[in-house]
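Novice: Quick one: the structure is below, questions incoming.
The values are calculated or read from the model by the stated rules, or taken from the named source; none is laboratory data. Because the structure is a prediction, the values reported are computed rather than measured. Note that we place each Cβ from the backbone using ideal geometry, even for glycine, and neighbour counts take in every protein chain shown.
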C-alpha cells in the first residue's frame, strides 16, 4: 500500500491533483468491474471532471505502472472487442471479423479503435485479471464488449436477459452438453465470446413438432460463422468444447430487445482522439506506430501556421531577440493547441502543424492564436509577429515518418496549401471547416465573418472555395 501511495504522490506532480484524487478513490474503492476497462470519457462525465485532464492523468498513471493501456478493435455493429492490443503497433490493417454479427470491417481510428485502461494487478487485483473467474454476463461486460456499450442497470438487466436469452451454458475444457430448446419464430444466434465461435439460425416457415439436431464444436482455431435455416420448433443442440479453457455459450434471440441493448452507447476515448492529445504525444513519442503501418482516419482537422517575414524579423531585431520572440510564440501556440484538445505534430522552421479531433476545436484555436499574437505585438508596441493560419479537415493515414507519429494524404497537403495562401494575420479555412455546424456556431458567437474566394491551391488542381475569417 505504501508503494501505491508513493506512485499516486508521483502522479500528483505530473497531473491535476483533483483528478488524481478521483482516480485514487476509484482504485481503492471502486468495484472490480469499474476497473476492468476504464472509459476515460465516462469517468470525466460521471465525476464532473475535465475530460482532457482525466485523459492526461490516466496516461501519466499508465506510464507510472498504475494502469495498463489497451487499444481495442471494436465491431462497428455490436461494440464487441475483436482484438485487444497493448500498443497501437499491434493493430493490423487487414479486416477484422465479428462472429456475433457475422460482419467483416476494416479498422478506422475514428470510431472502431478504442483506448481503455485497466488497473495494474500490482496495484489491485481484480476479477478481470483472471477472466475464467467471471460469470457469463460479467465476462461480456468486462472482457467482450468495449467501454462504449452502456449495460442496463441490474434490475432492468435481469428483465432484458429473460427476454433475450434462451439459454446460457459454461463448458469447461473437454466438456460436452446437449440442450433441448424451443426455437422461436425469430433469428437465433449461438455465440461464445471466448473463442468467438458463432452459429446463426434463421427461422422461417410453419412451426413443426419434429425435433431437429444441431452440433457445435468449439476449438481455438476461431472458425467462421455457421448458418442454418430451420422452422420454429424443438431443437437438440449438441455442444462440444475442444479447447484447453472454458467457453461461455449463449443462445440469443436476435430481436428488438437485443438491438436495443446493443444500441445503448456512450462516448469513449478513440484512438484518433488520443493521437491528437498533446500529453500522449509527449509521453509516448515514437512508441505509437510501426514504420510499416498505415492506419485510416476518416476525419481529422489540420491546422498549419507560419510567421510572416520571420527572416526580416531576425535582421530587424537581431538573432537573440528574434529567437526569444519566436520561442515565446511557439510556447503560446503549444498551450492553445493543448487546451483545445489538439496536439502539435511538428514544427518546420517557424511553422507549426497541429491536429484536432473536430473542426470547431481548430477554429477556436486559430482565433485564440491570432488574438494572442495581436496582444503580444501590442505589448511590445510593434507588429513583429504576424501569424498566418490555414485549416482543413478530411481523411488521412496515420503513419510513422522520421521516427515519429505523423500523417499523410491529400488532406494534409490541402491544409498546408491553404495556409500558404493566407496573408497578414489572416485565417484561411476550407468549406469543410466553415460549414461544420459547431464551427458555424462558434464563428457566429464571436462575430467572425467568412468571405469565400475561389482559389487554386498549388499542386492540388481545380480551384476550390477558401474562406477568410475576418
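Novice: Just wondering, is there one or more residues in the range 310-332 that are touching a strand residue (DSSP E or B) at 6+ places or on another chain (Cβ under 7 Å), touching a residue at least 12 places away in the same chain (Cβ under 8 Å), under 27 Å from residue 440 (Cβ atoms) and not assigned by TED's automatic domain parsing to the domain that holds residue 110?
Specialist: Looking through the range 310-332, none of the residues is touching a strand residue (DSSP E or B) at 6+ places or on another chain (Cβ under 7 Å), touching a residue at least 12 places away in the same chain (Cβ under 8 Å), under 27 Å from residue 440 (Cβ atoms) and not assigned by TED's automatic domain parsing to the domain that holds residue 110.
Novice: For the range 70-90, check the following and say yes or no: at least one residue is exposed (fewer than 15 other Cβ atoms within 10 Å of the Cβ), without any contact (Cβ under 8 Å) to a residue 40 or more places away in the chain and either out of contact with any helix residue (DSSP H, G or I) (no Cβ under 6 Å at 6 or more places or on another chain) or assigned to a loop (DSSP other than H, G, I, E, B) (or both).
Specialist: Scanning the range 70-90, I find at least one residue that is exposed (fewer than 15 other Cβ atoms within 10 Å of the Cβ), without any contact (Cβ under 8 Å) to a residue 40 or more places away in the chain and either out of contact with any helix residue (DSSP H, G or I) (no Cβ under 6 Å at 6 or more places or on another chain) or assigned to a loop (DSSP other than H, G, I, E, B) (or both), so the answer is yes.
Novice: To continue, here is another question. Test each condition in (1) under 33 Å from the mean Cα position of the chain (by Cα); (2) at positive phi for residue 371 and report the one that comes out false.
Specialist: (2)
Novice: Here's a follow-up. Would it be correct to say that residue 146 is over 18 Å from residue 260 (Cβ atoms) and out of contact with any helix residue (DSSP H, G or I) (no Cβ under 9 Å at 6 or more places or on another chain)?
Specialist: Spelling it out, it is not the case that residue 146 is over 18 Å from residue 260 (Cβ atoms) and out of contact with any helix residue (DSSP H, G or I) (no Cβ under 9 Å at 6 or more places or on another chain).
Novice: A further question follows. Are any residues in the range 327-340 buried (at least 19 other Cβ atoms within 10 Å of the Cβ) and within 16 Å of residue 387 (Cα to Cα), and if so, which ones? So that I can check it myself, show each step before the final result.
Specialist: Step one: of the range 327-340, the residues buried (at least 19 other Cβ atoms within 10 Å of the Cβ) are 329, 333, 336-338, 340.
Correct list: 329, 333, 336, 337.
Novice: Find the residue count for the range 121-130, including only residues that are surrounded by fewer than 18 Cβ atoms within 10 Å (Cβ to Cβ) and either in a loop (DSSP other than H, G, I, E, B) or modelled with pLDDT under 95 (or both).
Specialist: Taking the range 121-130 first, the residues surrounded by fewer than 18 Cβ atoms within 10 Å (Cβ to Cβ) are 121-122, 124-125, 129-130.
From what's left, either in a loop (DSSP other than H, G, I, E, B) or modelled with pLDDT under 95 (or both): 121-122, 124-125, 130.
Count: 5.
Novice: Then there's this: Answer yes if at least one residue in the range 424-439 is more than 22 Å from residue 356 (Cα to Cα), touching a residue at least 60 places away in the same chain (Cβ under 8 Å), surrounded by fewer than 15 Cβ atoms within 10 Å (Cβ to Cβ) and in contact with a strand residue (DSSP E or B) (Cβ under 8 Å, 6 or more places away or on another chain), and no otherwise.
Specialist: Yes - at least one qualifying residue is present in the range 424-439.
Novice: Mind counting the residues in the range 278-305 that are in contact with a helix residue (DSSP H, G or I) (Cβ under 6 Å, 6 or more places away or on another chain) and closer than 28 Å to residue 374 by Cα?
Specialist: 6
Novice: Suppose we keep only residues that are surrounded by fewer than 19 Cβ atoms within 10 Å (Cβ to Cβ) and closer than 16 Å to residue 213 by Cβ within the range 233-255. Which one would you say is farthest from the chain's Cα centre (by Cα)?
Specialist: 234
Novice: I would also like to ask the following. If the requirement is being surrounded by fewer than 20 Cβ atoms within 10 Å (Cβ to Cβ), at pLDDT 95 or above and in the same structural domain as residue 432 (by TED's automatic domain parsing), which of these qualifies: 367, 376?
Specialist: 367
Novice: Test residue 405 against the criterion of being over 25 Å from the mean Cα position of the chain (by Cα), touching a residue at least 24 places away in the same chain (Cβ under 8 Å), assigned by TED's automatic domain parsing to the domain that holds residue 290 and under 30 Å from residue 288 (Cα atoms), and give yes or no.
Specialist: It is false that residue 405 is over 25 Å from the mean Cα position of the chain (by Cα), touching a residue at least 24 places away in the same chain (Cβ under 8 Å), assigned by TED's automatic domain parsing to the domain that holds residue 290 and under 30 Å from residue 288 (Cα atoms).
Novice: Checking the structure you have, find out if any residue of the range 161-170 is outside the structural domain of residue 118 (by TED's automatic domain parsing), under 25 Å from the mean Cα position of the chain (by Cα) and under 20 Å from residue 256 (Cβ atoms).
Specialist: Pass one, the range 161-170, residues outside the structural domain of residue 118 (by TED's automatic domain parsing): 161-170.
Checking which are under 25 Å from the mean Cα position of the chain (by Cα) leaves us with none.
Looking for residues that are outside the structural domain of residue 118 (by TED's automatic domain parsing), under 25 Å from the mean Cα position of the chain (by Cα) and under 20 Å from residue 256 (Cβ atoms), one finds none in the range 161-170, hence no.
Novice: Are any of the residues in the range 373-386 within 22 Å of residue 336 (Cα to Cα), in a strand (DSSP E or B) and touching a helix residue (DSSP H, G or I) at 6+ places or on another chain (Cβ under 7 Å)?
Specialist: No, the conditions are met nowhere in the range 373-386.
Novice: Please work out if residue 161 is at pLDDT 95 or above and either in contact with a strand residue (DSSP E or B) (Cβ under 9 Å, 6 or more places away or on another chain) or part of a loop (DSSP other than H, G, I, E, B) (or both).
Specialist: no
Novice: Looking only at the range 349-364, filter to residues that are at pLDDT below 95 and in a loop (DSSP other than H, G, I, E, B); which one of those is surrounded by the most Cβ atoms within 10 Å (Cβ to Cβ)?
Specialist: 350
Novice: Out of the residues in the range 15-49 that are free of Cβ contacts under 8 Å to residues at least 40 places away in the same chain and not in a helix (DSSP H, G or I), which is farthest from residue 118 (Cα to Cα)?
Specialist: Checking each candidate, the answer is 48.
Novice: Something else about it: Inspect the range 294-306 for any residue being in the same structural domain as residue 409 (by TED's automatic domain parsing), under 19 Å from the mean Cα position of the chain (by Cα), surrounded by fewer than 17 Cβ atoms within 10 Å (Cβ to Cβ) and under 30 Å from residue 11 (Cα atoms) and give the result as yes or no.
Specialist: Checked against the condition, which is being in the same structural domain as residue 409 (by TED's automatic domain parsing), under 19 Å from the mean Cα position of the chain (by Cα), surrounded by fewer than 17 Cβ atoms within 10 Å (Cβ to Cβ) and under 30 Å from residue 11 (Cα atoms), the range 294-306 yields no hits at all.
Novice: If I ask for residues that are farther than 14 Å from residue 237 by Cα and touching a residue at least 24 places away in the same chain (Cβ under 8 Å), which ones from the range 151-169 would you list?
Specialist: If the condition is that a residue be farther than 14 Å from residue 237 by Cα and touching a residue at least 24 places away in the same chain (Cβ under 8 Å), then 151, 152, 160, 161, 163, 164, 165 are the ones that fit.
Novice: Which is under 22 Å from residue 346 (Cβ atoms), out of contact with any strand residue (DSSP E or B) (no Cβ under 7 Å at 6 or more places or on another chain) and touching a residue at least 24 places away in the same chain (Cβ under 8 Å), of 283, 300, 275? Write out each step before concluding.
Specialist: Numbers: 300 fails: out of contact with any strand residue (DSSP E or B) (no Cβ under 7 Å at 6 or more places or on another chain); 275 fails: out of contact with any strand residue (DSSP E or B) (no Cβ under 7 Å at 6 or more places or on another chain).
The unique qualifying residue is 283.
Novice: Something else now. With the requirement that a residue be assigned to a strand (DSSP E or B) and touching a helix residue (DSSP H, G or I) at 6+ places or on another chain (Cβ under 9 Å), what does the range 408-436 give you?
Specialist: Once the filter is applied, which keeps residues that are assigned to a strand (DSSP E or B) and touching a helix residue (DSSP H, G or I) at 6+ places or on another chain (Cβ under 9 Å), the range 408-436 yields 427, 428, 429, 430.
Novice: Now a separate question. Being surrounded by fewer than 16 Cβ atoms within 10 Å (Cβ to Cβ) and more than 17 Å from residue 222 (Cβ to Cβ) is the filter here; which residues of the range 91-118 pass it?
Specialist: The answer is 93, 106.
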